[in-house]
Amino acid sequence: MKRIVNLIVCMVLFLCLFISCNGFKQNSEKNSEKAIAEVQKDEDFRPNFHFTPENNWMNDPNGMFYFNGYFHLYFQHYPEDNVWGPMHWGHAISTDMVTWKEQPIAIYPDEKGYIFSGSAVVDKNNTSGFGKDGKTPIVAMFTYHDPEGEKKGEKDYQSQAIAYSLDEGQTWTKYEANPVIENPGIKDFRDPKITWDGIHQQWVMVLATYEKTLFYTSENLKSWTRQSDFGEGIGAHGGVWECPDFFPMYVGDTDEVKWVLIQSLNPGGYNGGSGTQYFIGDFDGKTFTPVKQMENLGKDHSYWLDFGKDNYAGVTWANIPEENGRTLFMGWMSNWQYAQKVPTETWRSAMTIARELQLEKMDNNYIISSTPVNELKSYRSKNYKDQNVQIEGNTKIIDSAKIDLTSAEIRFKISSLQDSKYQFKLSNASGDELLFGYDHSSQEFFIDRSKAGQTEFSEDFANKVSTAPRISNSEDLRGIIILDKTSIELFFDEGKTVMTEIFFPNQPWETLSVNSEKGSFTLDEIEAYQLKFN
């Protein structure tokens with residue numbers, strides 16, 4: 001009897017063990033399935049605070065102006081698909097350049113062509129004559145792109161046209177006498193950017209062609225006179241010149257004024273694909289003359305607004321109040337090498353955060369620096385701060401329990417730089433990692449996104465480490481890191497060197513760590529802020 005009882009007990013224990021193991025197996029399978037299901041895609045990648053269209057395709061920022069308390073952002077938009085197509089002008093508004101509200105489509109293509117990139121200005125003095133009943137006209141200039149002419153192999157399929165708005169940019173009326181600038185027989189003839197030249201009391205407009213920038217002037221925004229050109233044989237020419245901008249700036253806190261020409265090109269960027277270089281000089285109302293340091297500027301130079309792969313076609317806002325004194329900029333946060341292939345379906349592309357540009361003189365050389373607009377600071381919430389952090393090997397600094405690394409602003413300082421590599425790493429539970437930092441031995445910053453999640457959609461996305469030269473000669477290194485779900489914007493040395501890149505991790509970043517390659521070093525200051533938007 002005792003043997004029978006023991007046998008029954010053993011059988012019961014075996015049955016329980018079998019059920020338990022089988023349940024564990026099923027739970028493991030469920031957890032595995034859950035992990036697979038949690039791999040990010042599409043809407044998971046939509047940024048927390050960078051502007052994206054609600055649906056479908058977006059590229060260049062267009063027609064940016066400020067009026068009556070609102071910043072206006074127009075953008076190249078194809079509302080019917082998530083890849084490039086017949087271009088419209090999409091529209092969004094903001095009171096602070098951080099939180100945006102998308103508006104109805106502003107300008108539609110018509111029988112004359114697609115609505116390519118351009119600009120908009122506030123015609124305060126009604127020089128155009130479009131103003132009525134005391135309403136200030138907003139005047140936009142854009143490129144008409146005739147797809148039929150392009151198919152036929154014609155050269156003059158792009159021309160410049162204008163439209164005006166009497167309701168602060170919500171609706172637009174195309175000028176009946178368009179185009180206002182006919183094509184002179186140039187294949188690439190596009191992207192007009194207008195600026196009020198208060199020095200010479202005229203409207204000045206820059207227009208991109210394949211290898212140079214054309215300068216036009218006008219008294220009324222309707223009749224334009226070509227004055228000069230610039231750029232042939234100067235600067236980078238690895239691709240087509242596009243999306244120029246032109247404006248005066250004070251040099252630091254002095255009364256000295258120089259003119260800045262921003263000139264995008266694709267391909268030919270510093271790290272491949274799209275990029276935006278700049279030139280500094282003087283303008284006599286007709287001709288732009290570069291400063292001496294840029295007179296014979298070759299293709300390999302360090303005058304780039306952003307050295308990363310994902311800041312293109314950026315331009316500045318018009319009509320910023322003079323008492324404000326800021327030059328405000330925003331770019332398209334992608335690259336034509338892979339923009340139409342990134343792993344999002346509902347929407348495609350985001351804009352960079354708004355940035356303030358500053359012109360300064362360093363060692364008798366003029367340079368442009370850029371930093372995040374101060375308005376971003378108003379979204380700070382939870383914060384983490386530390387000082388004199390000893391870094392030995394791979395040292396964890398911040399995890400998601402302290403700060404959500406998908407919506408964060410991080411600032412750091414490292415004093416007395418050594419001949420070593422200072423490497424930061426973002427990582428997650430999937431094993432993805434984004435590496436970035438500074439190699440003092442080569443005087444180069446870097447971003448390596450080769451293991452930062454999904455990269456297989458394009459061989460150009462992560463085939464090499466992006467680098468940028470250090471412009472500053474300071475013995476200390478300061479940096480600002482702006483993190484969103486799928487982007488990093490790095491501002492080193494008060495914005496003298498800037499890098500912007502996107503990524504698509506399989507799961508959100510959870511940990512930020514710092515690595516010392518040679519021995520140890522001290523992270524003098526680290527402060528991180530949660531950016532909260534709801």
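The values are calculated or read from the model by the stated rules, or taken from the named source; none is laboratory data. Bear in mind the structure is a predicted one, so any value in this text is a computation, not a measurement. For neighbour counting, all protein chains shown are included, and Cβ atoms are generated from backbone atoms with ideal geometry for every residue, glycine included. All accessible areas refer to the heavy atoms of the entire protein, side chains included, with ligands and DNA or RNA removed. Shrake-Rupley method; radii C 1.70, N 1.55, O 1.52, S 1.80 Å.
Total lysine pairs in the stretch 214-327 at Cα distances under 29 Å, for residues eight or more apart or on different chains: 9. Per-peptide packing, taken as the mean over residues of other Cβ atoms within 10 Å, places 349-356, 232-239 in the sequence 349-356, 232-239 from highest down. For the chain, relative contact order (Cα pairs under 8 Å, six or more residues apart, normalised by length) works out to 13 percent.
Among TYR278, TYR108, the order of accessible area from largest down is TYR108, TYR278, computed with a 1.4 Å probe on protein heavy atoms. Between TRP241, TYR438, PHE279, the Cα set farthest toward the positive side of the dipole of the chain (charges on each charged residue's Cβ, about the Cα centre) is that of TYR438. Charge dipole of the chain (Cα centre as origin; +1 on each Lys and Arg Cβ, -1 on each Asp and Glu Cβ, all else neutral): 1520 debye, rounded to the nearest 20. In the full protein assembly as shown, how much of LEU531 is accessible to a 1.4 Å probe, in Å² to the nearest 10? Approximately 10 Å² of LEU531 is accessible to the 1.4 Å probe.
For the stretch 351-400, a crude dipole built from +1 on the beta carbon of Lys and Arg and -1 on the beta carbon of Asp and Glu, taken about the Cα centre, is about 220 debye to the nearest 20. Per residue, the average separation of C-alpha pairs within less than 8 Å and at least 6 apart gives the stretch 81-230 a relative contact order of 17 percent. As a quick test, which of the pairs LYS377/LYS485; LYS361/LYS385; LYS377/LYS518 have an alpha carbon distance above 30 angstrom in this structure? Correct reply: LYS361/LYS385; LYS377/LYS518. The relative contact order of the stretch 121-205, computed from alpha carbon pairs under 8 Å that lie at least 6 residues apart in sequence, is 25 percent. A Cβ-based charge dipole, computed about the Cα centre of the stretch 396-534 with Lys and Arg at +1 and Asp and Glu at -1, lands at about 160 debye.
Over the chain, accessible surface divided per residue gives 43 Å², non-protein components excluded, 1.4 Å probe. Using a probe radius of 1.4 angstrom, the carbon and sulfur fraction of the accessible surface of the chain is 46%.
Residues ILE320, ILE162, ordered by accessible area of protein heavy atoms at a 1.4 angstrom probe radius and largest first, appear as ILE320, ILE162. Accessible surface for TYR164 stands near 40 Å², nearest 10, in the context of the full protein assembly shown (1.4 Å probe). Farthest towards the positive end of the charge dipole of the chain, among the residues ILE398, GLY314, TYR366, is the Cα of ILE398, using unit charges on the Cβ of Lys, Arg, Asp and Glu. Ranking LYS132, LYS41 by solvent-accessible area of protein heavy atoms (1.4 Å probe, all protein chains present), from largest to smallest, gives LYS41, LYS132. In degrees, nearest 10, range 0 to 90: what is the angle between the Cα axis of helix 2-37 and the longest Cα principal axis of the chain? Computed tilt is about 10 degrees. Taking a straight line from the alpha carbon of LYS152, these lysines sit under 20 Å away, with near neighbours fewer than eight places off in the same chain left out: LYS112, LYS187.
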